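Read the structure below first, then the notes.
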Amino acid sequence: MPIDEFIEVSKKGRRNGDHIMHRENGTLVELNSETGRAVGKMKATITQRFDFDGVECDVECDCRFIMWCQKDSAGWKVHYKRLFYEKDKILPVDGKNVPDFTAEELKPYPYGYRYLGAAQARLGHKIKLDLPTMEDNDKFRGMYEAMEKWLRGEDIKETLGIPL
């Protein structure tokens, strides 16, 4: 999603009562000074508060932000960014109650962001179904292949599935 669209969706969500937080849990940077390229891997947790029929819960999703960076005369710039979803869970705000998500409701969403996807869909958000997760070995390997190629100075558009 383009940044301007993301900002507008975020503003609209906040006006509608959405409460979303991102926590950074650590960052690792791999640098190849010969090619002037780097890959940043930031572990993060996305938390969103929901209230469904009076049942309040937080949905937490652990993910990695992967950033492919390159140095030019102006400094370092992020050329590509992807999120990689690892796992998610529902946490009851009152310590005991969570909303019921049926197997049918969770089915469209991959393991890694199934609860977050289903909860956001209940609010009317459009959910991408092809985001990379730990359960998708091809996308997982492809993400690391793209990181290695990038650091060597190779083109990664095809590896990341970016239209030419």
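Here segment 76-102 is scanned for amide nitrogen atoms under 14 Å from the site 7 Å beyond the Cα of Lys128 along Cα-to-Cβ, giving 80-86.
Helix 137-152 axis versus longest C-alpha principal axis of the chain: approximately 30°, rounded to the nearest ten.
This ranking places Glu148, Glu104, Glu86 by how few other beta-carbon atoms lie within 10 Å of each, fewest first, which gives Glu104, Glu148, Glu86.
Across segment 19-154, C-alpha contacts under 8 Å between residues 6 or more apart give a mean separation that, scaled by the residue count, equals a relative contact order of 21 percent.
Look at the dipole of the chain built from charges on Cβ: of Tyr111, Asn32, Pro2, the Cα furthest out on the positive end belongs to Asn32.
In terms of surrounding Cβ atoms within a 10 Å radius of their Cβ, Cys61, Cys69 rank from fewest to most as Cys69, Cys61. Counting every other Cβ atom within 10 Å of each residue's Cβ, Thr133, Thr159 order from fewest to most as Thr159, Thr133.
The phi-based Karplus calculation (6.51 cos²θ - 1.76 cosθ + 1.60; θ = phi - 60°) puts the 3J(HN,Hα) values of segment 10-23 at 5, 4, 4, x, 5, 4, 8, x, 4, 10, 10, 9, 10, 10 Hz, whole numbers, x for Gly and Pro. Per-residue ellipticity at 222 nm computed for the chain from its helices equals -8000 deg cm²/dmol, with DSSP H segments shorter than 4 residues left out and the rest contributing -39,500 (n - 2.57).
Taken together, the values in this text are just the output of simple stated rules run on the coordinates, not laboratory data. Fair warning: this is a prediction, and the values are worked out from it, not measured in the lab. With ideal geometry, Cβ positions are generated from the backbone for all residues, glycine too; neighbour counts draw on all protein chains shown.
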